Amino acid sequence: MTATNNAASDTGFTALFIRRPVMAFVLNTLIAVAGLAAFYGVEIRELPDVDRAVVTVNTTFEGAAAETVDRELTDVIEGAVARVSGVKSISSTSSFGTSRVTIEFNDGVDLDVAASDVRDGVGRVADQMPDTADAPRIVKADANSEPVMRLAVTSDTMSVQDMTVLVQDQIEDELAAVPGVADVQVYGDRDKIFRIDVDQNKLAGLGFTVADLRTALASVAFDSPAGSITTTNQDLIVRPTADVTTPEEFENIIIGGTTRIRDVATVTLGPDIGQTTLRSNGKTGIGLGIIRQAESNTLDISTGVRAAVAALQADLPQGMSIKVTSDDAVFVNGAVHEVEIALGLSVSIVLIVIYVFLLDWRATLIPGLAMPVAMIGTIAAIYLAGFSVNILTLLALVLATGLVVDDAIVVLENIVRRRNEGMGPRAAAVLGAQEVFFAVIATTLTLVAVFVPISFLPGQTGGLFREFGFVLAISVLLSAVVALTLCPMLASRMLSVAPLHHEAGSGIGARIGRALNTLYRRCLRICLDAPWIVLLVALMFAATAFTLFGTIRQELTPTEDRAIVLMRVDAPQGVSLDYTTQQMQKIEKLIQPLRDSGEIRNTFESAGRNGAYNAGFMVMTLAPWDERTRSQQQIMADIRRLTRQVPSVRVFPMQPNSLGIRGAGNGLQFALVGNNRAALGDAAVKIIAEMQKD
């Protein structure tokens, strides 16, 4: 027996690492060190990157009706981008003075290449667009996507038009330069304009028309090249200017003869009419929405924007502040942290279970060391594959906790059995590992064969679960390596005293084990004596499960508490921006008790969206989860009840899109297509009326 044991101790894969413990130690240390090094370089995000390349073309055509914009701009741009390769779908919106065309590309198309191709396509049709339209602006994001961060600029001393100048000159460009930011949306801005109120009677009485006034104003800003004056010693550049910068200078402009503008009109300097209004936490201000670039990281954007905000705040005038009112990264960090806690708990529970069954701290320590080596090494594989640490990959690690330790337990249990039979530590380690070598390999390959196909699912679903399947497969493979190298080596050194099992013990664990063993023996005997009854019960359970499957609620993602409530407000068609703003203020007063109670921390409300004065939007940031007793859904129900007191508008509270996939979370959407706009409008009204009856 001794000769056989010694021979076995000198041959085989596991014997190599038992004879050379330093080799086993170095191999597993390298795996752990690689994982730790990769942890500081791997990207951390909420979910895997499943974004398709999306590019939006925004064009402004001041004063043009929606039909004109559609005919003169949108149709031309759609025809140009339709020829770009890799286009999956094109959607467009034409509103008063604005054209927006969104192009979604197929999977695998590089965003930068797509944006460049779109820019080239639009450039080729630039001469077909109206001369008075602004140049198209290419944005590497979906124009319909919600901002990942919202900021409010408010001041106790400055007017909105003065704040607009600072936002345009300093803040907007600084935030747009943050890596990963595709666009910065501005709400509630007001440009400074000179307003000329003409007295038609005086103008006509002096023999002038509005056209004469317009001609006089066309030459207001006189600034033309005039060459230079060169002498023997000097070369002076001549620049003739006649800037008009004050209302008094405007009023002194001559219309004709001796008649000046002040004789027929009054000039004032004030804010523009504007397309939107913004209020944040009860104060009028200017809002900024940070649009995430497709395929970029929300956490990196949040870090960059907050650093930029801190730098900007130091340079702002006294009494002016810029504040982050909502940030999607808060939920991402909280979700990742919760999964990290779950991972730590799962590891602790697994170790406790191992100790309960082995009743020896040395035997528990062996899989306790093998498990973190395999899981930490998986981080290195994530980094090398270009994946990220996200909720799904961390979930895969949580699930892999039990799978990773399985191989170590199988090897350790067989080694312990050999030690209890009287073998020496080294012989028991070699023979115990060799006996289950192929069982461990077969189990590992079986699990890998189950998880790897998940990584090859097509479309965005495959992109979502690709990293999940890969992480599970890699962790199981590493667990087999660790179980066949580190575990036998540690067992040959640490299990030097025998025996380890206490099957005949009198402790509570032994008594529970014997009771369960007796119960299982009786149940097994009954099942073997009546196989048809067992088969009938199994079929009944299968039929019941099949029947109940159709009654279970199905959804893509479960309801989440993201500590934020979005609310869309629709007023009747044709109302003014001031009317919509007044209704939004009524809603703000109704939810004030929720702010006073601390459940709502910040509000960000904007009236007027995409050129529609009757549309409003409100974002309510809730208190952190541990500082409130009600869930997000309960607060939403309360807000829905309160807003019913404003019958003049329709209010739709909703929660953000969980997966961040374009089009997800928006409910059922459909389009009416036809050639007669009037007929389409009538049909849309009838459909809405019928849907409201349901």
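Each value in this text was obtained by applying a stated rule to the coordinates, not by laboratory testing. Values in this document were obtained by computation on a predicted structure and should not be read as measured data. Cβ atoms come from the backbone with ideal geometry, glycine included; neighbour counts cover every protein chain shown.
Summary table below
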{"read-out": "For the range 277-284, Karplus couplings with θ = phi - 60° (6.51, -1.76, 1.60), whole Hz, Gly/Pro x", "value": "10, 9, 10, 9, 6, x, 10, 6"}
{"read-out": "Cβ-defined net charge surrounding GLU599, 11 Å radius [Lys, Arg +1; Asp, Glu -1]", "value": "+1"}
{"read-out": "Distance between modelled label sites at LEU539 and LEU359, nm, 7 Å Cα→Cβ extension", "value": "4.5 nm"}
{"read-out": "Cut-off under 5 Å, modelled amide H: who pairs with GLU43 long-range", "value": "VAL389"}
{"read-out": "Student exercise, the range 54-139 dipole from Lys, Arg, Asp, Glu Cβ charges, in Debye to nearest 20", "value": "100 debye"}
{"read-out": "Residue-averaged [θ]222 nm for the chain, counting only DSSP H segments that reach four residues, each worth -39500 (n - 2.57)", "value": "-16000 deg cm²/dmol"}
{"read-out": "Full-extension gain in nm, ASP197 to GLN582, via 0.36 nm per residue minus C-alpha separation", "value": "135.9 nm"}
{"read-out": "Formal net charge of residues neighbouring ASP529 (Cβ-Cβ distance under 15 Å; K, R +1; D, E -1)", "value": "+3"}
{"read-out": "Within the chain, longest stretch free of exposed GluC sites (Glu not before Pro) [DSSP loop, at most 12 other beta carbons within 10 Å]", "value": "63-420"}
{"read-out": "Cα centre as origin, Lys/Arg/Asp/Glu Cβ charges: the chain dipole, Debye", "value": "3180 debye"}
{"read-out": "Length released on extending from THR446 to LEU351, taking residue separation times 0.36 nm less the Cα-Cα span", "value": "31.7 nm"}
{"read-out": "Dipole in debye (nearest 20) - the range 564-693, about Cα centre, beta carbon charges: Lys, Arg +1; Asp, Glu -1", "value": "240 debye"}
{"read-out": "Residue-count net charge about VAL350 - beta-carbon cut-off 15 Å; Lys, Arg +1, Asp, Glu -1", "value": "-3"}
{"read-out": "Point-to-point label distance, SER597-GLN645, nm (Cα→Cβ direction, 7 Å offset)", "value": "1.3 nm"}
{"read-out": "FRET efficiency estimate (nearest 0.05) - Cβ-Cβ, GLU560 to CYS523, R0 51 angstrom", "value": "0.75"}
{"read-out": "Proximal lysines relative to LYS140, as straight alpha-carbon distance under 24 Å, when same-chain residues fewer than 8 apart are discounted", "value": "LYS88"}
{"read-out": "Nitroxide proxy distance, nm - points 7 Å out along Cα→Cβ at ASP169 and PHE546", "value": "7.5 nm"}
{"read-out": "Sites GLU248 and GLU62 - FRET efficiency at Förster radius 30 Å, r taken between beta-carbons, to 0.05", "value": "0.60"}
{"read-out": "Rounded to 10°, Cα long-axis angle of helix 298-315 versus longest principal axis of the chain", "value": "50 degrees"}
{"read-out": "Net lengthening on full extension, GLN318/LEU36 (0.36 nm per residue, minus Cα-Cα)", "value": "96.9 nm"}
{"read-out": "Quarter of the Cα convex hull surface for the chain, i.e. its orientation-mean projected area (nm²)", "value": "49.9 nm²"}
{"read-out": "Alpha carbon centroid spacing (whole Å) that separates the range 286-342 from the range 110-175", "value": "19 Å"}
{"read-out": "In sequence order, calculated HN-Hα J values of the range 422-434 (Karplus, 6.51, -1.76, 1.60; Hz; x Gly/Pro)", "value": "x, 6, x, x, 5, 5, 5, 5, 5, 5, x, 6, 5"}
{"read-out": "FRET efficiency, 1/(1 + (r/R0)^6) with R0 41 Å, evaluated for SER228 and ALA126 via beta carbons", "value": "0.75"}
{"read-out": "Whole-Hz ³J(HN,Hα) from phi, Karplus 6.51 cos²θ - 1.76 cosθ + 1.60, for the range 631-637, glycine and proline x", "value": "7, 4, 5, 5, 5, 4, 4"}
